1. Which residue out of B:Thr467, B:Thr449, B:Thr433 is touching a His at 6+ places or on another chain (Cβ under 7 Å) and among the hydroxyl-bearing types (Ser, Thr, Tyr)?
2. List the number of the failed condition for A:Leu267; all other conditions in (1) over 24 Å from B:Ile185 (Cβ atoms); (2) among the aliphatic types (A, V, I, L, M); (3) over 21 Å from the mean Cα position of the chain (by Cα) hold.
3. With respect to B:Glu409, is the statement that it is acidic (Asp, Glu) and either closer than 30 Å to B:Gly264 by Cα or touching a helix residue (DSSP H, G or I) at 6+ places or on another chain (Cβ under 9 Å) (or both) true?
4. Take the conditions more than 10 Å from chain B (Cβ to nearest Cβ), outside any strand (DSSP E or B) and under 30 Å from B:Leu357 (Cα atoms) and apply them to A:Gln6. Does it pass?
5. Which residue out of B:Ala86, B:Ala45 is within 11 Å of another protein chain (Cβ to nearest Cβ), more than 24 Å from B:Ala173 (Cα to Cα), in contact with a Ser or Thr (Cβ under 8 Å, 6 or more places away or on another chain) and free of Cβ contacts under 8 Å to residues at least 40 places away in the same chain?
6. Within the stretch B:1-116, which strands (runs of 3 or more DSSP E) (wholly inside it) include 3 or more residues that are modelled with pLDDT of 95 or more and surrounded by fewer than 17 Cβ atoms within 10 Å (Cβ to Cβ)?
7. Out of everything in the stretch B:314-335 that is in a loop (DSSP other than H, G, I, E, B) and in contact with an Asp or Glu (Cβ under 6 Å, 6 or more places away or on another chain), what residue ends up being surrounded by the most Cβ atoms within 10 Å (Cβ to Cβ)?
8. I'm told B:Cys456 meets every condition in (1) surrounded by fewer than 21 Cβ atoms within 10 Å (Cβ to Cβ); (2) within 11 Å of chain A (Cβ to nearest Cβ); (3) touching a His at 6+ places or on another chain (Cβ under 8 Å); (4) not polar (S, T, N, Q) except one. Can you identify the failing condition by its number?
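The values are calculated or read from the model by the stated rules, or taken from the named source; none is laboratory data. In this text the structure is predicted, and so the values were computed from the model without any measurement. Using ideal geometry, Cβ is built from the backbone for each residue, glycine included, and neighbour counts are taken over all protein chains shown.
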Amino acid sequence: MLTFDQFADIFDRIRKLSSADEVEVLFTGGRFALTRFANNVIHQNVAEENHVVSVRTAFGTKTARATTNKFDDESLRQVVKSSENLAKVQHPDPDLLPVPNPAEASGPADAQSTSRYFEQTAAITPELRAEGVRKIVGVADRHKLTTAGVFSSGELFEGVFNSSGLSKWHTQTSAEVSITMLSADSSGWQKANSPDINNLDPLRLAEVAAQKAVDTAHPREIPAGKYTLIFEPAAVLDIVGFMFWDYSGMAILDQRSFLTGRIGTRLFGDNITIWDDVAHPLQAGVPFDGEGVHRQKVCLVKNGVVDRVVYARATADRMKRSEYKDSVGPIAATGHGFSLPNEMGEMPVNIVFAPVNNPQSIEQMIASTERGVLVTRLWYIREVEPFEKMLTGMTRDGTFLIENGRVQGGIRNFRFNESLVHMLSNVEAMSTPVRSCGEESFDMVVPAMKVKDFNFTEVTKF
Amino acid sequence: MKHVANWALSTAAVRGASYADVRVIAQRSRALSTKNGKVGNASDAESVGMNVRVIADGAWGFAASAELGRGAVEATAAQAVEIARASARVKREDIRLAAEKPAIAEWTTPHKIDPFGVSVEQNIDLLLKIDAELRAVAGITLAETNLNFNREVQWFISSEGANIHQTKITTGAGYAAYAFANNEIQKRSYPNSFGGQWQNKGYELIEELKLLENARRIAEEAVALHKADQCPEGKFDIILDSSQLGLQIHESVGHPIELDRVLGMEANFAGTSFLTLDKLRTLRYGSDLVNVVADARQEHGPGLGTFAYDDEGVAAQCTSIITNGLFTGYLSSRETAHMVGLDRSGGTLRAESWNRLPMIRMTNVSILPGEKPLTLEQLIASTDHAILMQTNRSWSIDDKRYNFQFGTEIGWEIKNGKRTRMLKNPSYSGITTEFWNSLDAICSRDEWTLWGTPNCGKGQPQQVMGTGHGASPARFRGVKVGSAFRGS
């Protein structure tokens, strides 16, 4: 993998090749490998290495970007030329700001710098992953189940350099295990990831997934309707993830956010407090945005009240001049912008739900439920109505009936149609938030939740 | 690029691979978009790399690198063999590939105008004209437009002697108009939602789409939806327009017929399929009028699933998927063909890029048009009471591909053969085979369009692929409508 010094040299070469007023370069890439298994065998096994340089040039307020993964002199000359040729024919963008300088982009002096690079994770080999899979298959065989899943590892980097002297760099390792266990008529699932492989326990995940498959065998069908639901954290993550595109200043300006006219109002239950906090110990990711600006910790929702949204630099500028400026709370660049040019502005991507004073475990939530459904994960979630954030999707891989405070066995999966506003206004209990990952949204720190009156509209055939 | 491939193939052979193939790929893309009178995205990207796919000790290994120097290529091939040997630690039987005569061929997407040869100024000028036309309609609060061009040059060389050089060109364009009022957001898109229409074609597609000519109507409809009645709930006959039917095919036919999914290979992510092997040639998938093919050949049209050879060197073919309602075929690969008694792969293996493993992907999975002449207007005229639904807005289906729910941007109630009131927030749901068996009329060839879905997601690590879906408008009887809003 190329180093910071090597990329700094590449940036210098690019800068010398450019006649633009300003130059900004993004570097991304790394090494990644994934061992995939199904039907109790490894059926796909891949590895890749790539380094990408993305060059943005600006002539006054005309800007454009060109990208390549070649670093020889001719390729760098070509990518600069592509960016400049594209930039010169753009229309001027009155909202484009000069690239940030190091002072503007830096965080507070006491900002935490958490290393998320672990040598042991970077050193994981195909043989180690295969051995991990072999043990997972052993769990499946013992329970007479079929297993499918992935075991992946990688080391990634991201950097931003610009002609105002800014240079930001981040490296991170990642390891992930996702396991599905299947019987003839049931399934269970677990998934976890971390920058540090030592935080993962694949065998425990395999046992939990296997037990879910065993316990949901021969599922009954119960009618669609409104139920009290207990969502495991991954299920919470998958559904709430659909609202975070809207916590964006640009989304408010474009009038496509469900928070339009609602900032400062109580939209959810008073037990809901949500932060964006890349430095949280259970979070991971790049501590700066697409322009290299430090990602700040931002309170998005406080005790159910929508507190504020996040801003890229230019969006903040525009918002201060807009008709909404007095109704959107604090307006300032928060370090959440996408790389320029883009039309979406910014979004929070390091979500942390605040713990409640009286957390309950999932077992406690089950024990307090007269009749309800325990959901392991959700699937194929899509937005049906944007302003009430009505979403549809399915339950999957471990859906249980709860009666009289006990799990009674598996049930056929449901389709839901429910508003996120309604859901988060009806949370009766939450667990301590944990780092969680799913498939429908990005990783978050979220609790399990007990929600009343959740709307299942249809049942499927399994 | 043969020398690059030979370095890799030699290394793989020396290290004990029984099979190896190499893909060297150079991709270029251009993305332009506008939003509310300003250019939103203006970018040019290129990506070059190679990968080696091997079978060693009876198991698969795959490695990819952006470096094309000899040392890097040989190291990548060695890595692929190492990975294959690791795979072999957890296997039950050796990989078996269906035979395929190695091809030596060159092919380029037929096109009239190279999209990269059209000036960016011309592109942006068109997008801004469309934007202006959309925003000239009072009530439009957000207008978005996009133009996208891709060119992929691929060399495929295998240890069996295949040597195939293909160049694929893709063009895509579309726009959306949003109207926000009274805490409600309505949207209309053209020619299709979520990025527009995409085909493997040159810039001539842009001229065919009549983008500017339709902008005002689309914007007016977005605003008018605020005054429209909510789509009623209940059981109705519905007519789906061509683009919505294309997506219906994608989700409820195209995905369940992927043989790797059927065989459990996607269980952890995208799911499995209700089309277990016993259903081949026994399941009544749809009514007698339902005929679906998976056709990658040029004669099917310039779809996103059109090519000369797939990414393991198998020639493009046409497979009958549903024949007069009977389920008759899967999408297969060299590895999976024998599992359904086929001597040859159906030629559907494709990968997004040089750094992704090829997988079974839909090609052009299309419903054939009705044989009897029937226009959309004639179909409407022959319908007593139904809801006509147009342009997808939301889509969701379970992980075996049974229960689905779709929402469209706009609907119209049809009464006594005439289109009457506009309806907002239409949605419908059902079970796949029950739905397809309720099809009782489909328009003919003149109403058939080959739509492109540019971003079908599958696999781990995930990758996207363009797929084509041809469809004419069709009528379905007794469908559950509006349950998305039941109880809300």
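1. B:Thr467
2. The failed condition is (1).
3. For B:Glu409, the condition - acidic (Asp, Glu) and either closer than 30 Å to B:Gly264 by Cα or touching a helix residue (DSSP H, G or I) at 6+ places or on another chain (Cβ under 9 Å) (or both) - is met.
4. Criteria met by A:Gln6.
5. Exactly one residue qualifies, and that residue is B:Ala86.
6. It comes to B:104-108.
7. B:Val314
8. Evaluating B:Cys456 over (1) surrounded by fewer than 21 Cβ atoms within 10 Å (Cβ to Cβ); (2) within 11 Å of chain A (Cβ to nearest Cβ); (3) touching a His at 6+ places or on another chain (Cβ under 8 Å); (4) not polar (S, T, N, Q) leaves (2) as the failure.
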